[in-house]
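I have placed the structure first, in the form of structure tokens, so that the comments after it can refer back to it.
The values are calculated or read from the model by the stated rules, or taken from the named source; none is laboratory data. Just so it is clear, the structure is predicted and the values come from calculations on it, not from any experiment. Neighbour counts run over all protein chains shown; Cβ positions are idealised from the backbone, glycine included.
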Amino acid sequence: MKTLAQVLGSRARVVITVGPRESVHHALQLMAEHEVGALLAMERGRLIGVISERDCARKVSLCGRLAEATQVQEIMTDRVVCASPQTSVEEAMAIMSEHHVRHLPVLDDYKDVVGVVSMRDLVQETIAEQTFVIQQLESYIAT
């Protein structure tokens, strides 16, 4: 099974971030522009939270707040579950399932963000690996 470093290395990835004092409206615009479901909230180069579309829906819209008048830091998840580049895809999926998160920041030994993986990324990686194994088995059986 691949590691998160291998998954991140196989794709061109840009981590989209937002400042904690930015408006939720701005965060939503960034998510829409970059077609992502979550952003990392960063301050002085350090990860301090994650804001997702789900946070926006549940903590702004459903509470009658205005996205333009609400800051990211007011609704972001500040107890962020993270993984290391050495974490396997299988381990990452287990972490995400256990903590009910869809996006997992990947931090190096210095706590610097090296990327973000989504549950979709990990499912696609698992399917690709299983497809490869099936093809290899079919080839072996056919010979």
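Observations
- Among the residues listed as MET76, MET119, MET96, the single one being closer than 18 Å to ASP55 by Cβ, in contact with a Gly (Cβ under 6 Å, 6 or more places away or on another chain) and either buried (at least 16 other Cβ atoms within 10 Å of the Cβ) or modelled with pLDDT of 95 or more (or both): MET76
- Pair list, Cβ < 8 Å and 6+ apart or interchain, from segment 78-96 residues that are in contact (Cβ under 8 Å) with a residue 40 or more places away in the chain and assigned to a strand (DSSP E or B) to residues that are of a type in the set (S, T, N, Q) and surrounded by 15 or more Cβ atoms within 10 Å (Cβ to Cβ): SER88/THR3
- Condition check for GLN86 on (1) under 30 Å from GLU129 (Cα atoms); (2) at pLDDT 95 or above; (3) surrounded by 16 or more Cβ atoms within 10 Å (Cβ to Cβ): one failure, at (3).
- Search result, residues across segment 37-54 that are free of Cβ contacts under 8 Å to residues at least 60 places away in the same chain and surrounded by 13 or more Cβ atoms within 10 Å (Cβ to Cβ): LEU39, ALA41, GLU43, ILE48, GLY49, VAL50, ILE51, SER52, GLU53, ARG54
- Hey, VAL7 under 30 Å from GLN130 (Cα atoms), modelled with pLDDT under 95 and in a helix (DSSP H, G or I) or not: yes
- Of all the listed residues (THR77, THR126, THR87), the sole one being of a type in the set (Ser, Thr, Tyr) and more than 18 Å from LEU8 (Cα to Cα) is THR77.
- Any hit, segment 55-72, residues being in contact with a helix residue (DSSP H, G or I) (Cβ under 9 Å, 6 or more places away or on another chain), crowded, with 17+ Cβ neighbours inside 10 Å, of a type in the set (Gly, Ala, Ser) and not in a loop (DSSP other than H, G, I, E, B): no
- In summary, ALA67 fulfils each of the numbered conditions (1) touching a Pro at 6+ places or on another chain (Cβ under 9 Å); (2) of a type in the set (A, V, I, L, M, F, W, C); (3) at pLDDT below 95; (4) farther than 20 Å from MET119 by Cα with the single exception of condition (1).
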